[in-house]
Amino acid sequence: MEYIAFMHGNTDTVSTKEEWDRFFDLARMSGIFRGGSAIGKRSTIGDKVVPDVTNHVGGYMRFDSETLDELSELLRKHPTVLHGGTIEICEMPKN
């Protein structure tokens, strides 16, 4: 199953570059990591006003994992979680 994980900006403390490097090494070694990015400036198309997701979400990561448990085990070591924050995991169903 494909998943996208959104990193919320609600940590209690700031993570270090070393923590991020360590996590990316773990993610790559897991074989399920498929990339991601920080989220920058937003723009919208359409007439309706919508909440600004960038006020809450600072980045995303993509994964291909056999099970949600496998992915959850990896993400428990994520700097966002280690610093008291939230990662939101969403399935990406194939239609």
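Here are the numbers for the structure shown:
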item: Size of charge dipole - the chain - debye, nearest 20, with Cβ of Lys, Arg +1 and Asp, Glu -1, no other charges; result: 340 debye
item: Ellipticity estimate at 222 nm from DSSP helix runs (n ≥ 4, -39,500 (n - 2.57)) divided over the chain, nearest 500; result: -7500 deg cm²/dmol
item: Mean separation of Cα contacts under 8 Å (6+ apart) over length of the chain, as relative contact order %; result: 56 percent
item: Mean shadow area of the chain, taken as a quarter of the surface of its Cα convex hull (nm²); result: 7.2 nm²
item: Helix 17-30 axis, angle to the chain major axis (alpha carbon atoms, nearest 10°); result: 70 degrees
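Readers should treat all values here as calculations from the given coordinates under stated rules, not as data from a laboratory. It should be emphasised that the depicted structure is a prediction, and the values quoted were computed from it without experimental measurement. Cβ: placed from backbone, ideal geometry, glycine included. Neighbour counts: every protein chain shown.
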